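The values are calculated or read from the model by the stated rules, or taken from the named source; none is laboratory data. Everything quoted here is computed from the prediction, not taken from an experiment. For neighbour counting, all protein chains shown are included, and Cβ atoms are generated from backbone atoms with ideal geometry for every residue, glycine included. Remember, those area values only see protein heavy atoms, side chains included, never the ligands or the DNA or RNA. Shrake-Rupley method; radii C 1.70, N 1.55, O 1.52, S 1.80 Å.
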Amino acid sequence: MNARTNFRPLLSAGTLIGIGMGGFVDGILFHQILQIHNMLSARLPPNTLANVEINMVWDGIFHAFTWVMTVLGICLLWRAGSLPDVPWSARILAGSCLQGWGLFNLVEGILNHHLLGIHHVVERFGLSVADGAFLGAGVLLMVMGQVIIRTGRSNTTVTHPGPNAPRIPPGA
Amino acid sequence: MVHHCHHRYRRLPGFPVFCLLLALLATSTPHADACPVCDSPTGREVRREIFNEEFGPNLLRTVLPFPIFLGITAFLYVGPPSFRRRNESTPAEDTL
């Protein structure tokens with residue numbers, strides 16, 4: 001292992017990007033394409049045009065914050081790319097993205113579906129097995145992410161030169 | 001080939017006109033006036049139902065997961081306090 005190998009910037013960048021991507025999967029797939037729930041669909045059932053519009057606004061606010069998470073993740077990734085002690089590992093990035101997606105499912109599922117009850121995965125069923133499956137998918141994604149991160153850590157050295165390294169011309 | 005290009009060129013002006021007519025038709029229906037910034041009975045109802053006494057609680061419910069995500073990510077970035085103390089006192093070989 002390299003003398004000073006710092007995995008944390010890459011892990012946190014990938015986790016934030018994964019949180020953002022997980023949020024977009026939820027929002028795009030469940031809220032928009034399948035339309036099986038909306039942000040406040042347990043409190044305001046989307047059975048009138050006004051309620052559909054109100055839910056759409058709150059869906060949009062949720063998407064805006066998800067977008068911010070993704071942008072912050074990209075900023076952290078950019079910064080990680082400029083640090084000389086951060087390994088440039090695709091496995092660690094992919095694993096941390098999966099970890100972030102799983103974290104999104106766990107936190108959002110526990111808070112919004114179970115504790116606050118503002119919506120459920122399949123709204124017409126209420127709190128159902130689908131909400132349990134959502135949490136289970138979160139755990140599975142986190143475990144998969146951890147496994148990939150560990151394999152990445154075990155065979156990773158710092159492979160990018162950092163910002164102050166001399167530039168090697170192509171073909172040299 | 002020349003004939004094909006000529007054919008496309010001839011048909012092109014009709015398409016924007018068709019799109020314009022479609023857009024005018026869509027915005028002339030009552031449903032298109034239901035947006036939160038629309039000046040229509042439904043638009044006003046939507047605004048009233050968003051900006052009422054439930055706005056703050058609804059906003060809190062919607063964004064509550066995100067500070068938790070940021071907190072977990074910050075923890076991942078800086079590490080636990082014991083790790084930080086160790087990292088400051090001795091040069092680390094592997095910081096995670």
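Report the residue count in the range A:1-55 for those that are part of a helix (DSSP H, G or I) and of a type outside the set (A, V, I, L, M, F, W, C).
Initially, the range A:1-55 is screened for residues part of a helix (DSSP H, G or I), giving A:8-33, A:49-55.
In the following step, the residues that additionally are of a type outside the set (A, V, I, L, M, F, W, C) were identified as A:8-9, A:12, A:14-15, A:18, A:20, A:22-23, A:26-27, A:31-32, A:51, A:53, A:55.
Number satisfying all stated conditions: 16.
Restricted to the range A:148-162, and to residues there that are open to solvent by 60 Å² or more (accessible area, probe 1.4 Å) and touching a Pro at 6+ places or on another chain (Cβ under 9 Å), the residue that is modelled with the lowest pLDDT is A:PRO161. The number of residues in the range A:74-97 being closer than 18 Å to A:MET142 by Cβ, within 14 Å of chain B (Cβ to nearest Cβ) and open to solvent by 10 Å² or more (accessible area, probe 1.4 Å) comes to 2. Within the span defined as the range A:118-133, one or more residues are open to solvent by 40 Å² or more (accessible area, probe 1.4 Å), more than 9 Å from chain B (Cβ to nearest Cβ), assigned to a loop (DSSP other than H, G, I, E, B) and not basic (Lys, Arg). Counting only residues that are under 24 Å from the mean Cα position of the chain (by Cα) and either open to solvent by less than 10 Å² (accessible area, probe 1.4 Å) or facing another protein chain (nearest Cβ under 7 Å) (or both), the range A:30-55 holds 6 of them. Among the residues making up the range A:1-29, those that are open to solvent by 40 Å² or more (accessible area, probe 1.4 Å) and hydrophobic (A, V, I, L, M, F, W, C) are A:MET1, A:ALA3, A:MET21, A:PHE24, A:VAL25, A:ILE28, A:LEU29. Surrounded by fewer than 24 Cβ atoms within 10 Å (Cβ to Cβ), at pLDDT 95 or above and farther than 12 Å from A:GLY22 by Cα, is that true of A:VAL68? Here the answer is yes, as A:VAL68 does meet what is asked. Of all residues in the range A:56-65, those satisfying the criterion of being within 8 Å of chain B (Cβ to nearest Cβ) and open to solvent by less than 50 Å² (accessible area, probe 1.4 Å) are A:VAL57, A:TRP58, A:ILE61, A:PHE62. The set of residues from the range A:98-112 being under 14 Å from the mean Cα position of the chain (by Cα) and under 19 Å from B:GLY71 (Cβ atoms) comprises A:GLN99, A:GLY100, A:TRP101, A:GLY102, A:LEU103, A:PHE104, A:ASN105, A:LEU106, A:VAL107, A:GLU108, A:GLY109. Of the residues A:TRP58, A:TRP78, A:TRP88, A:TRP67, only one is assigned to a loop (DSSP other than H, G, I, E, B) and within 20 Å of the chain's Cα centre (by Cα); which? Being assigned to a loop (DSSP other than H, G, I, E, B) and within 20 Å of the chain's Cα centre (by Cα) holds for just one of A:TRP58, A:TRP78, A:TRP88, A:TRP67, which is A:TRP88. Might you check whether a residue that is at pLDDT 90 or above and assigned to a helix (DSSP H, G or I) occurs anywhere in the range B:16-28? Scanning the range B:16-28, I find no residue that is at pLDDT 90 or above and assigned to a helix (DSSP H, G or I), so the answer is no.
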